[in-house]
1. Give the shape of the chain as rounded, prolate or oblate, defined through the alpha-carbon gyration tensor: a ≥ b ≥ c are the square roots of its eigenvalues, a/c under 1.5 means rounded, and otherwise the shape is prolate if a/b is larger than b/c and oblate if not.
2. Find how much the distance from VAL35 to GLU182 grows on full extension, using 0.36 nm per residue of separation minus their present alpha carbon separation; answer in nm with one decimal.
3. So, R0 is 30 Å and r is the distance between the beta-carbons of LYS255 and ARG117; what FRET efficiency does that work out to, to 0.05?
4. Only Cα pairs under 8 Å and at least 6 apart count here; give the relative contact order of the chain as a rounded whole percent.
5. List every residue whose amide H lies under 5 Å from the amide H of GLY91, counting only residues 5 or more places away in sequence or on a different chain, with H placed 1.01 Å from N in the peptide plane.
6. Starting from the Cα gyration tensor of the range 167-294, take the square roots of the eigenvalues, sort them a ≥ b ≥ c, and report rounded, prolate or oblate (rounded when a/c is under 1.5, otherwise prolate if a/b is larger than b/c, else oblate).
7. Arrange the peptides 236-249, 52-65, 83-96 so that the one whose residues have, on average, the most other Cβ atoms within 10 Å appears first.
8. Under the 0.36 nm per residue contour assumption, what length would be gained going from the current alpha-carbon distance of GLN21 and ALA235 to full extension?
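Coordinate-derived values only; no laboratory data. It should be emphasised that the depicted structure is a prediction, and the values quoted were computed from it without experimental measurement. All Cβ positions, even for glycine, are placed from backbone atoms using ideal geometry, and neighbour counts span all protein chains on display.
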Amino acid sequence: MEPVLLITNSQAGTNDDENLQQALEVLRAATDVEVCGTSNPGELDGVLHRRGGRRAVVAGGDGSLHAVIAALHRRHELRDVVIGLIPLGTGNDFARGQHIPLDPEDAARLVVHGEIRPVDLLVDCLGEVVVNNVHIGVGAQASRKAHTWKSRLGRIGYPVGAALAAVRPPFVRLRIEADGEEIVDFAQRVLMVSVGNGPNVGGGAAITPAADPEDGRADLMVSFAVGPLARIGYALKFRNGRHAERDDVLTLRAKTVSVSGQGFYCSADGELYGPEHNRTWTVEAGAFSMTLPR
């Protein structure tokens, strides 16, 4: 295989370093590997500037994968590179959804022996990308509260934030269009919206279970479960990926999804932004190539 540029998070912990060494043993037995640690967008851009024709392998989680793909997209180089992934994060939602092994040695073997296939990307109206999933409503609210509590409580901040969001969820009134057709108007209160290129969020929760980043369409899920009992029922179904069976959940597939309305927050590949009043996401089919299981 061609030489590899392996991109890591230079702020990763000791455990990640140990897992990385296991992956490197496999990769270096197959090809030449240069390891480059980055801690900010400027460093990442500098590393990619000297990539040459090498394969880019990301050693990290969903945030690291997003950062590398977004940078290559901005540089107009995304279609020219093959991406590999060694999952070292905590959530690893994209890896889980695409059956990429979480064991570092097995993931490295996949980089060497896997099948190179085209993968879709969501690109919004501002040129920002979504590799895996973007969601609006109660999930994004949990992320907002988690950012506040994580600084105080550490790793348990997210469950605390999620619990607070569940007690007082942010019902929003939105207008949602799929491929130019209005499917939700402002008369309906919405608990949650998800636009999925991949199926999972939050460390394996299947929010858009059938989403496939190779089919040229995004999976849209809208939950109208705003009443107290409805929220409980929705949460119980959500835990095992069966929430789409509910009458108050709408699902469909589209190439373009537009959301507008009162100020809402988005959580895209784990990154939070907002408040927003209008966003449109479009599927860019086969935007990049990636080594995936056969």
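1. It is prolate, given that a/c is not under 1.5 and a/b is the larger ratio.
2. Values: separation 147, 0.36 × 147 = 52.92 nm, distance 4.77 nm.
Gain on stretching VAL35 to GLU182: 48.1 nm.
3. E(calc), rounded to 0.05, equals 0.95.
4. Relative contact order of the chain: 21 percent.
5. ASP62
6. oblate
7. 83-96, 52-65, 236-249
8. Values: separation 214, 0.36 × 214 = 77.04 nm, distance 3.94 nm.
In short, 73.1 nm is gained.
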